[in-house]
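Undergrad: Before I ask anything, let me first share the structure, which is written out below as structure tokens.
Quick note: the coordinates plus some simple rules give every number you see, no bench work behind them. Bear in mind the structure is a predicted one, so any value in this text is a computation, not a measurement. Positions of Cβ are generated from backbone atoms using ideal geometry, with glycine treated the same way; all protein chains shown enter the neighbour counts.
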Number of protein chains: 2
Amino acid sequence: MVSVATAIQEGAMAYLARQLRTMMPFIALVTIGLYLLYRPIYADRPTLAVGVAVAFLLGCFASYGAGYVGMTSAVHGNVRVANAARRSYREALQIAFQAGTVSGMFTVGLGLLGATIMFMYFRENAMRVLVGFGFGGSLVAAFMRVGGGIYTKAADVGADLVGKVEVGIPEDDPRNAAVIADNVGDNVGDCAGMAADVFESYEVTLVAAIILGAATLLDPEFVARYGGPAAAGAFALKLIIYPLLVRAIGVFASLFGTWVVRGRDEEIGDPMRPINVGFWTAAVLSAAGFGLVNAFYLKDPTTGAPDFRFFFATLTGILLALVIGWLTEIYTHPDRGPVREIAYSAKTGPATLLLTGLGAGLESTVWAILAIAVTLAASFTIFSGSVALGAYGIALAGLGLLTTTGYILAEDTFGPIVDNANGIFEMSGVERGESLAGRIVARLDQVGNTTKALTKGFAIATAVVAAIALFRSFIGEARLFVRVEELVGSSAQQAGEMLSRVGIQVNLPLVFIGMLIGGAVPFLVSAFLIRAVGRSAFLVVEEVRRQFREIPGLLAGTARPDYSRCVDIVTKAAQRELMGPGIIAISVPILVGFGLGAAPLGAYLAGAILTAQLLAVFMANTGGAWDNAKKKIEDGYLGGKGSDAHKAGVIGDTVGDPLKDTAGPALNPIIKVMNLVAILIAPVVIAPISSGVRLSVVVITLALVTVAVVLSRRTTIHEEELTPPTDPAKPPRPPALVR
Amino acid sequence: MVSVATAIQEGAMAYLARQLRTMMPFIALVTIGLYLLYRPIYADRPTLAVGVAVAFLLGCFASYGAGYVGMTSAVHGNVRVANAARRSYREALQIAFQAGTVSGMFTVGLGLLGATIMFMYFRENAMRVLVGFGFGGSLVAAFMRVGGGIYTKAADVGADLVGKVEVGIPEDDPRNAAVIADNVGDNVGDCAGMAADVFESYEVTLVAAIILGAATLLDPEFVARYGGPAAAGAFALKLIIYPLLVRAIGVFASLFGTWVVRGRDEEIGDPMRPINVGFWTAAVLSAAGFGLVNAFYLKDPTTGAPDFRFFFATLTGILLALVIGWLTEIYTHPDRGPVREIAYSAKTGPATLLLTGLGAGLESTVWAILAIAVTLAASFTIFSGSVALGAYGIALAGLGLLTTTGYILAEDTFGPIVDNANGIFEMSGVERGESLAGRIVARLDQVGNTTKALTKGFAIATAVVAAIALFRSFIGEARLFVRVEELVGSSAQQAGEMLSRVGIQVNLPLVFIGMLIGGAVPFLVSAFLIRAVGRSAFLVVEEVRRQFREIPGLLAGTARPDYSRCVDIVTKAAQRELMGPGIIAISVPILVGFGLGAAPLGAYLAGAILTAQLLAVFMANTGGAWDNAKKKIEDGYLGGKGSDAHKAGVIGDTVGDPLKDTAGPALNPIIKVMNLVAILIAPVVIAPISSGVRLSVVVITLALVTVAVVLSRRTTIHEEELTPPTDPAKPPRPPALVR
């Protein structure tokens, strides 16, 4: 077991090291770029320009650190879980969950620490600097999410295509040269990217709430309502402190929740039960805590009675987390309607199974986005009458959603740990035949799939909520508002001009065009990632085939394959393939901003958030449902393993893999990166720069995007393989239909 | 041949009759509803309320008429083509294309006639009344498109699942009870809906251009630029006439184009060549005509020199039609990169074939939406400096896009005619073995697939362009603008309130929520339509199985199946299944309008247009590419028919069928219906009605939507079929993960 685990650890560390090396020049370039960009803009406040650049750097390292700790705790926890399973179920479960908790709590702690430092040092400019921090975090998260997603599926699909399909050996068979890469991939895909990604949402929602709490004082209605400047000022201070209290309560509640997760010794229970109990404990404790704080701390200064609207707004966020978990379960759990229907349709072959899955997935994303819409609407209209408090209410919903982040990240890391524990146990051959320990790790593995699916849905929702918070900053930075005082005294012509630059009016042609482009980007990125997995898997296939061909005795089991070559191939491939989507995420917002203007750029973000949310949940749930439909058939339904229905299930699972583990999850950090790029360039977009400069920016970014598209569209298929043999008996096809 | 054709004709007429019966109560209800809705609003102009209701009724019948003529010419043309093929290739091709031309020209003529009458009678209120006309047209188009789409694929999939898969008889085998329904379906799906759908876009773009031409006079800058009120007025009149001239030129150019389509007698040529020559002829002739009109008619009144910007703006539309055709070809032609790559990936099984197809489809929709975005941007910025002319420019691009509508509809109807001709020829058994006539109809059939794919991409683009034109009307009807004169004299508070209702500002929370809901609807409708096909196909499967079981001698060929039962089953199923999506298209905009307000309703439309365009092209091209990848393999590539690669290809084709022929095409008329509903209710949404009325509208529409969702989510699978046998050796699965 130690030798297998060591190979996984080495592979994981090699990946992390290479990832860092790839990102380094990028990070250095962007740091310098940010400083140069902001020096002229903040000419009067030089610390701010340095602050943004340094914050970016810190964000990069914090995000990388969160990923690093997640990976490390996972690749060291897995083997201990495998070994503990030989002693008892209780111990195996607890070690697995505790290792996950390390990663979850580290991320949350880092997030709170970063936000606090920024806030203490920069105060009212904190959001501005934090955008730099968030950009660093999101950029690294995007790299790790995208790279990890390509890595894991290239290894998985590559290993399966040769192993299962061509040679006919089982999964996790040590004779398959790609098997270690596959196990490393589980960690790379699920720990590194996820922690880095959620970390950033955690950060942004906190600071947005603080800033919107302070902004209430700018609203004359708010000041009048709460008894004049002095009393209202004291109340606003409480609104600033409240988000911090909410976060603190969330941390302790999550910690308490993880402490509750424990199994009993006498039996192999359902591991999902204690994990769910832990989550409910965390959620209920948090809600109770918020209620208490609201009751004793947030009293209406004019009446002295507690104003529970703040509690309810925060509660909508907690409810959203529960609803999203519930929806994920309905659409992906093997015993629920959709997966049962998908499995049943395998009776008439793979095509009907795939269609039923597509239908269910398309439907599921609608309910998820509606849940978000209802939460936003509720937390906003709860404060009906006050726009300032309404905005604060939306921020509170975001806080509520991310309350249990620590716990949810623990659940997420739990997934790859138990997945690997099962793999290590199998590969090491430490116990022969059916054993209790074998059943324990298999059971944990099964549940790990569910925890991973649940956290995926959560991560997507947090990305959207964080993006909405960032959206508000964008309006400020791009100055897409008009001061009423200016307006009233102005001439008709000035007023007309001002009206056209109020907000992001999608009814204006160029703004509408911005939205069309933004909505298209998630489709483009998804297409490129699906292709990237295909290309990288192809390289793995070739290498595994080569080893079976060239290493004598490998198939017989007398020789060992060269695992490290496969690890190396996917590591390099993942780094190469993430360049295309990375360039697109950074360049297209710049292109739209300088080519069309600030308001179209805002609409671009809105369009991208919309389609990214819809596509991400669609892909995650469709893939998860196909996966579990296959498992349902493997459990003996419709003939079980080896039946035609099972073959159909395997096809569905393979199609779903890159959707749910590569393209879907990559969309979260990518929309956040685009939002942050937009906010960072907004002051320059609206600055009076010459049209020459503007044009050169457009030309450069257009060239970059073209390079990314060319890179991402290349094929590994040779021309001669594509030419069908000509059959003299048949007339050739009609020539190309060029118009 | 006559007996087969008669069966198809009867099936088609039965469908049309039933469709009309289903729609009748709906149409009557909406007509009365519209009159009651508008009577109080247009209290001072009672003819307008009657006008809208009557226009709605006329729109319904015009749209139905376009569909009826298309179907009739198709189901009478098909048998004549099959017979003509026995004489010569030239004659078969010409009859097929001429029958298509009847349908195309009838639709265009009807469109021009309707618009002209509306315009002559209602003048400046024409757009208002035309919204009613358009609503009738779109509603009927949506019904016919959705019903037809479900019909065609339920029959197709149902026939194949029993025929090809279970019994092992070829396609179009007369022993299959669903074979006539399948042939009727080709007409129902491709003629009836398409003509009705494009008809409405043709109408809206013309009237929008006329109105925007007249609106230039409201712009003081325009008046000043063109030499004062008198001279500018004369010039604006020319801008009103120009769209009519453009349409006239388009009709004659299209007619000339269809006249050019002719084959040579000595050989079976590539039918696509004369069809393409015809299209290019129509496009080039139109462009030349526009240039001449621009040169001699639209002279700048201040300089006397022709202003070619109008020509260029119109040209962008023609170019868009060409680019969309070109993109469709790149992504779906069997000899182009994407389809070759998809076919090649069948080498490693159906999963890789499906993934490559998904990647290509996701990518293709990005370029299509970018083409639309670039066209809009170009036609708008060509008139840089004048907002009024910019809006007119966009309308001209829409006119240009629809210039060759007559020709394109002819191409579209050509598809089912030659498809049916091939079916009739095969089923009638009129010539045995390989014959020249057989090769002629097969070749025509193959090309018919391409012409259908090309026109599908075109129809989607026209829907988006028409929706953008309607969007502008919506802003006017919902009064989402502020008059500068009002603003300048107002108090700070009034001005602040006014600013919040300028345009559709997606940065405002409720507006953003509207966009999220709008973006979700096309996903919901697609999901429901995919399910609907599954459910309806299931009924066909049961009936075909029953006939094979109960009719003695059917499989041996000594008895004939009861075709009419299958026709009846799909006819009823299609009518039943279209209710869900129909209710959603009408109710959700009302729900959003009354629940959230006018601006969120506008954002709803924007979100729906965005995702509908992206999804529709994605589904059309993915399905088309899978279809042609299968055909490529059938041509002998990777082992040809019967190989594993071919089986993978068949799976891809079956998955793609409901995407490209049901869900994708249904999205065009549905977004148009939603746009038109929004415009129609806008005056009521902003009227000072009581919150009680508002709430009851919300409750009623919410109830309707719930009914639609419940209807569309029901399953045909029985509970006991879903319960897997319990295996005592294995522990039961962990229980449900409810949180």
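Undergrad: How far, in nm to one decimal, is residue A:117 from itself in the other copies if the label point is set 7 angstrom along Cα toward Cβ? Shortest first, please.
TA: From this label point to the equivalent ones elsewhere in the assembly: 7.5 nm.
Undergrad: For residue A:703, place a label point 7 Å out from Cα along the Cα→Cβ vector, do the same in each other copy, and report the separations in nm, one decimal, smallest first.
TA: Nearest to farthest, the other copies are at 6.5 nm.
Undergrad: Pairs A:153/B:672; A:452/B:672; B:452/B:672; A:153/A:672: which are spaced more than 31 Å apart, C-alpha to C-alpha?
TA: In this structure, A:153/B:672; A:452/B:672 lie more than 31 Å apart at Cα.
Undergrad: Can you classify the stretch A:164-305 as rounded, prolate or oblate using the Cα gyration tensor, where a ≥ b ≥ c are the square roots of its eigenvalues, rounded means a/c under 1.5, and otherwise it's prolate if a/b beats b/c and oblate if not?
TA: Details: a/c = 5.52, a/b = 2.27, b/c = 2.44.
The shape class here is oblate.
Undergrad: Across the stretch A:552-561, in residue order, what do the Karplus-derived ³J(HN,Hα) couplings come to in whole Hz, using 6.51 cos²θ - 1.76 cosθ + 1.60 with θ = phi - 60° and x for Gly and Pro?
TA: x, x, 5, 5, 6, x, 8, 10, 9, x
Undergrad: Same structure, new question: Tell me, which longest segment in chain A has none of the chymotrypsin sites (Phe, Trp or Tyr not before Pro) that fall in DSSP loops with at most 16 further Cβ atoms within 10 Å?
TA: Within chain A, the longest run free of exposed chymotrypsin sites (Phe, Trp or Tyr not before Pro) spans A:1-307.
Undergrad: Another one. Name the trypsin sites (Lys or Arg not before Pro) in the stretch A:22-118 that are in a loop by DSSP and that have at most 16 other C-beta atoms within 10 Å, would you?
TA: A:87
Undergrad: Over chain A, what is the relative contact order in percent, taking alpha-carbon pairs closer than 8 angstrom and at least six residues apart?
TA: 20
Undergrad: At 7 Å along Cα-to-Cβ for each site, give me the label-to-label distance between residue A:381 and residue A:703 in nm.
TA: Using points 7 Å along Cα→Cβ, the separation is 5.2 nm.
Undergrad: Which value in Å does the Kirkwood hydrodynamic radius of chain A take, with 1/r averaged over all unlike C-alpha pairs and then inverted?
TA: Computed over Cα pairs of chain A, the Kirkwood hydrodynamic radius comes out at 26.8 Å.
Undergrad: Using the beta-carbon distance between residue B:76 and residue A:564 and R0 = 51 Å, what value does 1/(1 + (r/R0)^6) give for FRET efficiency, to the nearest 0.05? Walk me through the numbers before you get to the answer.
TA: Numbers: r = 71 Å, r/R0 = 1.38.
Result of the calculation: an efficiency of 0.15.
Undergrad: At a Förster radius of 41 Å, what calculated FRET efficiency corresponds to the Cβ-Cβ distance of residue A:643 and residue A:711, to the nearest 0.05?
TA: Efficiency, from the Cβ-Cβ distance: 0.45.
Undergrad: Just how far, in whole angstrom, is the stretch A:299-360 from the stretch B:229-276 if you go by their alpha carbon centroids?
TA: About 53 Å separates the Cα centre of the stretch B:229-276 from the one of the stretch A:299-360.
Undergrad: Further, regarding this structure: Take the alpha-carbon centre of the stretch B:405-472, take the same for the stretch B:141-188, and report the distance between them in whole Å.
TA: Result: 16 Å between the Cα centres.
Undergrad: Moving on. Mind jotting down the distance between the C-alpha centroids of the stretch A:637-695 and the stretch A:531-581, whole Å?
TA: Value for the Cα centre distance between the two parts: 24 Å.
Undergrad: Let me ask you something else. Measure up A:347/B:647; B:164/B:572; A:456/A:660; A:164/A:647 against 18 Å on the Cα-Cα distance and list the ones that go over.
TA: Among A:347/B:647; B:164/B:572; A:456/A:660; A:164/A:647, the Cα-Cα distance tops 18 Å for B:164/B:572.
Undergrad: Continuing with this model, one more query. Can you tell me, using C-alpha contacts under 8 Å and at least 6 residues apart, the relative contact order of the stretch A:556-662 as a whole percent? Can you show the working numbers first?
TA: Details: 55 pairs, mean separation 22.3, N = 107.
Rounded, it is 21 percent for the stretch A:556-662.
Undergrad: Tell me, Kirkwood radius of the stretch A:380-447 from alpha-carbon pair distances, in Å?
TA: 15.4
Undergrad: Turning to a different aspect of this structure: Run the numbers on the stretch A:1-118 and let me know its relative contact order in percent, using alpha-carbon pairs under 8 Å that are six or more apart.
TA: Once normalised by length, the contact order is 25 percent.
Undergrad: Could you name the lysines whose alpha carbon sits less than 25 Å from that of residue B:299, not counting residues in the same chain fewer than 8 places away?
TA: Reachable lysines: B:238.
Undergrad: Now, a different point. Where does chain B land at 222 nm, in deg cm²/dmol rounded to the nearest 500, when only DSSP H runs of n ≥ 4 count, each adding -39500 (n - 2.57), divided by all residues?
TA: Taking each H run of at least 4 residues, the total per residue is -27500 deg cm²/dmol.
Undergrad: Turning to a different aspect of this structure: Amide H neighbours of residue B:636 under 5 Å, at least 5 residues apart or on other chains, H built in the peptide plane: list them.
TA: HN-HN under 5 Å from residue B:636: B:641.
Undergrad: Let me ask something additional. Rounded, prolate or oblate: which one fits the protein assembly as shown, using the alpha carbon gyration tensor with axes a ≥ b ≥ c (rounded when a/c is under 1.5, else prolate when a/b beats b/c, else oblate)?
TA: Verdict is oblate for the protein assembly as shown.
Undergrad: Say a label goes 7 Å from Cα toward Cβ at residue A:259 in every copy; what distances in nm does this one have to the rest, shortest first?
TA: So the label point of residue A:259 gives 9.0 nm to the other copies.
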